[in-house]
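Step one of this worksheet: look at the structure below.
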Amino acid sequence: MRLFAHLLALLATATLLAQPAAAQAILRDAETEALLNDMAAPLVEAAGLEPGNVDVVLVNDPSINAFVAGGQVVYIHAGLIDAADSANEVQGVIAHEIGHITGGHIIRSSEGIGQATNISLLSMLLGVGAALAGAGDAAMGIIMAGQRAALGKYLAFSRVQESSADAAGAEYLSKAGITGKGSLDFFKKLQNQEFRYGISQDDDQAFVRTHPLSGDRISTLRESYVVDPAWDTPPDPALQERFVRAKAKLFGYLNTPERTLQEYPESRKDVPARYARAYAYHKDALIDSALSEADALLSVDPDDPYFLELKGQVLLESGHPDLAIAPLRKATELTLNQPLIASMFGHALIATEDKSHYDEAEQVLRAAVARDRLNPFAWYQLGVVYAAKGDMVRARLASAEQQVMTGQYAAAINSAQIAESGLPVGSPDWLRAQDIGLQARAALEQARERR
């Protein structure tokens, strides 16, 4: 029984690996999200998917990984961005993950698990039969062989899916006119990581792998890439410049100030280095230094909305919301009310505690949640401004939106019930309160079933 439970644990782990985002923090940044979506857009089109229907989401995880977890969402680990040297490398990864989406691999994973489980159950029955016949040693051998066969069946199924996604990704890069050089470069990084961690490169160890060997993948893909018309197409220089900026920004945000200053010393005066140091200084509460870097960036381009956002963020989070309003208002206008920037602007307006700002804050935040409903911070701020204006019913509705998104299901039910009781029956807000209550109850029931 222990061997059977171990196999099921392995198979369960394989399925859980496809959905780790639920347990990991999602990193949200307007500039980085715009970059990732622009990098993915030609690949989405090449795959025949609807533009705008595939999201690329950044996960706060230092490992070099990317995955899909159902739906049309590609999850990219922060560690992958840090390891990549170019936007072209990341595009190769995105193309591969889109291959998993178009191949329906998450849905079809149940097939591989089902096949493996059937083999496992059959070996258990045969083993029990042998044991009942008095052949204890033979029974154990049958069971062990069955578990190994079941695991091998699942891992082989996984390797086939990975090879299929590789081929699809190469096709989408080609159709989009994007060179596959970055894809090969990234696979070489994975191969070097395999060498570093002592992962066997022998074919006789293929049984225990979920992915084909990186060396084999490189050889297979190179054959496709070198004859592709896009092979010698130079990568987009504007996209590369944006990537280097976003990578430095992410590094400064996630790493300790000491490590950031080692990687981006003060002797460097380029935009990425200033970006990274601004976050390092801000994390170290060196506000003047952080603002100095932000102002140096704005001297390069005073109308860059992300430089303005940076300055506004430093001012707001250092206790100067009144001074943060101007740069954040301009950044919001330049990005046509980008939801993440607009929600920070709304926060600054509220944080001044000046009632004359409340109407503008409500307008800005309502526009933010209209464009991005999955923004709990914006919903929270909208609830604050409703409460400040005395509209407690809509404050409760906004709280319910925020609570159901952050897993506070019991609180969401309570807030939704209070909002529903005070809203006009049949109105859109009344219907939304009912929907939130149903969603939260369903989530609680699912949690009970899992327990």
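Taken together, the criteria exclude Ala378 from residues that are over 27 Å from Ala433 (Cα atoms) and modelled with pLDDT of 95 or more. Scanning the stretch 358-367 for residues that are surrounded by fewer than 21 Cβ atoms within 10 Å (Cβ to Cβ) and over 24 Å from Ile26 (Cβ atoms) yields Tyr358, Asp359, Glu360, Gln363.
Residues of the stretch 382-414 that are under 25 Å from Ser356 (Cα atoms), under 27 Å from the mean Cα position of the chain (by Cα) and either surrounded by fewer than 18 Cβ atoms within 10 Å (Cβ to Cβ) or in the same structural domain as Leu340 (by TED's automatic domain parsing) (or both): Leu382, Gly383. Here Gly407 clears all of (1) under 25 Å from Pro339 (Cα atoms); (2) at pLDDT 95 or above except the condition numbered (2). For Ala370, the conditions (1) under 30 Å from Val57 (Cβ atoms); (2) without any contact (Cβ under 8 Å) to a residue 24 or more places away in the chain; (3) surrounded by 15 or more Cβ atoms within 10 Å (Cβ to Cβ) are fulfilled apart from (3).
Every residue, every condition in (1) assigned to a helix (DSSP H, G or I); (2) crowded, with 22+ Cβ neighbours inside 10 Å, yes or no:
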position	(1), (2)
Val227	no, no
Ala230	no, no
Leu239	yes, no
Leu250	yes, yes
Tyr253	yes, no
Arg259	yes, no
Ala273	yes, no
Arg277	yes, yes
Ala280	yes, yes
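Evaluated against (1) touching a residue at least 24 places away in the same chain (Cβ under 8 Å); (2) more than 30 Å from Ala30 (Cβ to Cβ); (3) of a type outside the set (Val, Ile, Thr), Leu250 falls short on exactly one condition, (2).
Has the stretch 287-298 got any residue that is assigned to a loop (DSSP other than H, G, I, E, B) and in contact (Cβ under 8 Å) with a residue 12 or more places away in the chain? No.
Please work out if Ser292 is more than 28 Å from the chain's Cα centre (by Cα), among the polar types (S, T, N, Q) and not assigned by TED's automatic domain parsing to the domain that holds Ser63. Here the answer is yes, as Ser292 does meet what is asked. Selection of the stretch 415-429 for residues being crowded, with 21+ Cβ neighbours inside 10 Å and among the hydrophobic types (A, V, I, L, M, F, W, C) yields Ala416, Ala419.
Of the listed requirements (1) surrounded by fewer than 24 Cβ atoms within 10 Å (Cβ to Cβ); (2) over 23 Å from Arg259 (Cα atoms), Ala324 misses just one: (1).
The values are calculated or read from the model by the stated rules, or taken from the named source; none is laboratory data. All figures in this text were calculated on a predicted structure; none of them were measured in a lab. In this analysis, Cβ positions are derived from the backbone assuming ideal geometry, glycine residues included, and neighbour counts consider all displayed protein chains.
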